[in-house]
Amino acid sequence: MTVLVFLHIPKTAGQTVHNALTRAVGQRNVSPVRVHTQASSEDQFPPGYRLYSGHLDWTALEGLPPDRFVFSVLREPRERIASFYFYVRKEAAALSEEDLARPENVGKYRALHWTAEEYFFGGDPPWQQFVRDHYDNFYCSYFATRKMRGLAEVSGLPDEERIRRAVAGTAALDALYSTVGLARLEADVARILGKSVPIACERVNRGPLDPGLSRWRELLGRLGGHGSTERLEAFATLDDRLLGRLGIPV
């Protein structure tokens, strides 16, 4: 029986994929670890489940049964950055000011109350590390280090070496898909599970903006001057090159 491993990168249609797979295999067969902070690196994949799906570190991937199908879904890097930002703002707007003041919600508070420029480029060094871990060429750091917050391990490397390591890291996956090509994922999952699993036409966990709008263009419109557009653009340049190297259309 093939074990499914979905390495869910935030704001890449992941909740849609997760829900479809959960319905297909049954909730009791889904690992309870959905976010890397729920378990140690060695315990991201507790034994005995058919589906592992979430924002997971995957340094212990080889501990899973060899009969496994490991995959991830990618989105145009700039749209992912902007969608993630606006989604955090949406979540923040649903909280009370009292809840926003809690330490665990500092990111949501800043997304809602700081300007976009302050959010991405302001704050103290720990905050800047947090922002860069989640937004700065995330595909490169995730596939190079197998960690959700792995940027510090590769940030001092030359750009070409970071890309090379990311390409090498993807060799451990069985497939990479694009958010604009989910029909191929749907077909592969149907082949593995032996039944139809609707994915391509489903959409859950939408952000607050109209689906036809460019999230990136909207985000750039909220930035000030002083080179902020160029600085934020740099958060996607290596991922652009990685996607080109991998031949993945987004």
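The values are calculated or read from the model by the stated rules, or taken from the named source; none is laboratory data. Nothing here was measured: the structure is a model prediction, and the numbers come from that model. No Cβ is skipped: glycine too gets one built from the backbone with ideal geometry, and neighbour counts run over all protein chains shown.
Just one of the numbered conditions (1) assigned by TED's automatic domain parsing to the domain that holds residue 183; (2) touching a residue at least 40 places away in the same chain (Cβ under 8 Å) is not true of residue 148; which one?
Residue 148 satisfies every listed condition except (1).
Cβ contacts < 6 Å: first residue under 20 Å from residue 238 (Cα atoms), restricted to region 163-182; second residue buried (at least 16 other Cβ atoms within 10 Å of the Cβ) and at pLDDT below 95, any location; separation 6+ or different chain. Result?
If the second residue must be buried (at least 16 other Cβ atoms within 10 Å of the Cβ) and at pLDDT below 95, the pairs left are 176/248; 178/248; 178/250; 179/13.
Scan region 229-250 for residues that are in contact (Cβ under 8 Å) with a residue 40 or more places away in the chain and under 26 Å from residue 182 (Cβ atoms) and report the count.
Number of matching residues: 14.
So which of 31, 83, 41, 96 ends up being modelled with pLDDT under 95 and among the hydroxyl-bearing types (Ser, Thr, Tyr)?
41
Just one of 110, 146 is buried (at least 18 other Cβ atoms within 10 Å of the Cβ) and farther than 26 Å from residue 184 by Cβ; which is it?
110 is the lone residue from the list that is buried (at least 18 other Cβ atoms within 10 Å of the Cβ) and farther than 26 Å from residue 184 by Cβ.
Being hydrophobic (A, V, I, L, M, F, W, C), in contact (Cβ under 8 Å) with a residue 24 or more places away in the chain and touching a Ser or Thr at 6+ places or on another chain (Cβ under 9 Å) is true for just one of 121, 86. Which residue is that?
On inspection, the qualifying residue turns out to be 121.
Yes or no: residue 59 modelled with pLDDT of 95 or more, of a type in the set (S, T, N, Q) and touching a Ser or Thr at 6+ places or on another chain (Cβ under 7 Å)?
Numbers: modelled with pLDDT of 95 or more: yes; of a type in the set (S, T, N, Q): yes; touching a Ser or Thr at 6+ places or on another chain (Cβ under 7 Å): yes.
Spelling it out, residue 59 is indeed modelled with pLDDT of 95 or more, of a type in the set (S, T, N, Q) and touching a Ser or Thr at 6+ places or on another chain (Cβ under 7 Å).
Quick one: which residue in 135, 119, 109 is at pLDDT 95 or above, of a type in the set (Phe, Trp, Tyr) and under 18 Å from the mean Cα position of the chain (by Cα)?
135 is the lone residue from the list that is at pLDDT 95 or above, of a type in the set (Phe, Trp, Tyr) and under 18 Å from the mean Cα position of the chain (by Cα).
Given the conditions (1) buried (at least 17 other Cβ atoms within 10 Å of the Cβ); (2) within 27 Å of residue 174 (Cβ to Cβ), which single one is not true for residue 46?
If we test residue 46 against (1) buried (at least 17 other Cβ atoms within 10 Å of the Cβ); (2) within 27 Å of residue 174 (Cβ to Cβ), just (1) comes out false.
May I ask you to say which residue of 110, 132 is closer than 27 Å to residue 5 by Cβ and of a type in the set (D, E, K, R)?
From the options 110, 132, the qualifying one is 132.
Quick one: which strands (runs of 3 or more DSSP E) lie wholly within region 1-76 and hold at least 3 residues that are within 29 Å of residue 217 (Cα to Cα) and not aromatic (Phe, Trp, Tyr)?
68-74
From the set of residues in region 165-198 that are charged (D, E, K, R) and part of a helix (DSSP H, G or I), which is surrounded by the most Cβ atoms within 10 Å (Cβ to Cβ)?
If we filter region 165-198 for residues that are charged (D, E, K, R), which is where we start, we get 165, 174, 184, 186, 188, 191, 195.
Then drop every residue that is not part of a helix (DSSP H, G or I), which leaves 165, 184, 186, 188, 191.
Values: 165: 17, 184: 13, 186: 20, 188: 16, 191: 11.
Out of the qualifying residues, it is 186.
Please work out if residue 135 is farther than 24 Å from residue 41 by Cα, touching a helix residue (DSSP H, G or I) at 6+ places or on another chain (Cβ under 6 Å), surrounded by 21 or more Cβ atoms within 10 Å (Cβ to Cβ) and not small (Gly, Ala, Ser).
no
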